[in-house]
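S.K.: Before anything else, here's the structure in question.
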Amino acid sequence: DTEVTQTPKHLVMGMTNKKSLKCEQHMGHRAMYWYKQKAKKPPELMFVYSYEKLSINESVPSRFSPECPNSSLLNLHLHALQPEDSALYLCASSLSGQDLRQYFGPGTRLTVT
Amino acid sequence: QKEVEQNSGPLSVPEGAIASLNCTYSDRGSQSFFWYRQYSGKSPELIMSIYSNGDKEDGRFTAQLNKASQYVSLLIRDSQPSDSATYLCAVNRLRAQGGKLIFGQGTELSVKP
């Protein structure tokens, strides 16, 4: 089973809203990732959690706040976003931070109005 | 020079032909190489991983790696219209905090019936 689930599938939010994206995996993976993908571009890494600790932050603006409550769950809290933050947000997981066979969830399509 | 380079395409092949997708990378220390398939509006799906020089076959897919030339390729035999997608080459970059994938821009493949 290589399933990563993400909720919601679609999200529309205003620039003053606070919302959260959720990602879940039950494969026993210990590394989880958030990516942002714009149309016709490759995924762009935002954050990496390894063994529930934030190991990589790719200089992402503070309006994006990740959280890893346990080894199966990953959240991305959103606040005061800009229209240019509209994108597909992808969660991925891998067995460990050294094993980079990453399995992606279906993504959340975010539109900021 | 981009870290991972792919021809953006589109690459158009007739049904039943061999599709050849190419990727070059700049970091000689890279050790893990991946091919992802992404259908329009969907998330990337891992289809091949390769770690040592030579060929690796999985069904209709063959990945080829030449570390001396810093080149990795994906061959798709007996191409089907359902193979029409964007193919992303990804290469690892190891960091003290853990590895990350560097994606190429992707090659769009169109298989014509």
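S.K.: Among the numbered conditions (1) in contact (Cβ under 8 Å) with a residue 40 or more places away in the chain; (2) buried (at least 16 other Cβ atoms within 10 Å of the Cβ), tell me where residue B:78 comes up short.
M.R.: (2)
S.K.: Report yes if residue A:45 is part of a strand (DSSP E or B), free of Cβ contacts under 8 Å to residues at least 60 places away in the same chain and at the interface with chain B (Cβ under 10 Å from one of its Cβ atoms), otherwise no.
M.R.: yes
S.K.: Within the stretch A:62-71, take every residue that is within 30 Å of residue B:30 (Cβ to Cβ) and modelled with pLDDT of 95 or more and give me the one that is farthest from the other protein chains (Cβ to nearest Cβ).
M.R.: A:64
S.K.: When the residues of the stretch A:12-37 are narrowed to those that are among the charged types (D, E, K, R) and under 17 Å from residue B:101 (Cβ atoms), which ends up modelled with the lowest pLDDT?
M.R.: Here the answer is A:30.
S.K.: Report, by residue number, each residue of the stretch A:81-90 that is more than 9 Å from every other protein chain (Cβ to nearest Cβ) and under 17 Å from residue A:20 (Cα atoms).
M.R.: A:81, A:82, A:83, A:85, A:86, A:87, A:89
S.K.: If you don't mind, another one. Look at residue A:8 and say whether it is in contact (Cβ under 8 Å) with a residue 12 or more places away in the chain, crowded, with 16+ Cβ neighbours inside 10 Å and either within 14 Å of chain B (Cβ to nearest Cβ) or under 18 Å from residue A:105 (Cα atoms) (or both).
M.R.: No.
S.K.: Here's a follow-up. Determine, yes or no, whether residue A:84 is of a type in the set (D, E, K, R) and assigned to a helix (DSSP H, G or I).
M.R.: yes
S.K.: Restricting to the stretch A:97-113, what's the tally of residues that are touching a residue at least 24 places away in the same chain (Cβ under 8 Å), part of a loop (DSSP other than H, G, I, E, B) and surrounded by 21 or more Cβ atoms within 10 Å (Cβ to Cβ)?
M.R.: Qualifying residue count for the region: 4.
S.K.: In addition: If we keep just the residues of the stretch B:71-111 that are touching a Lys or Arg at 6+ places or on another chain (Cβ under 7 Å) and in a loop (DSSP other than H, G, I, E, B), which is farthest from the other protein chains (Cβ to nearest Cβ)?
M.R.: B:78
The values are calculated or read from the model by the stated rules, or taken from the named source; none is laboratory data. All values reported here derive from a predicted model rather than from experimental measurement. Please note: Cβ atoms are built from the backbone with ideal geometry, for glycine as well, and neighbour counts cover all protein chains shown.
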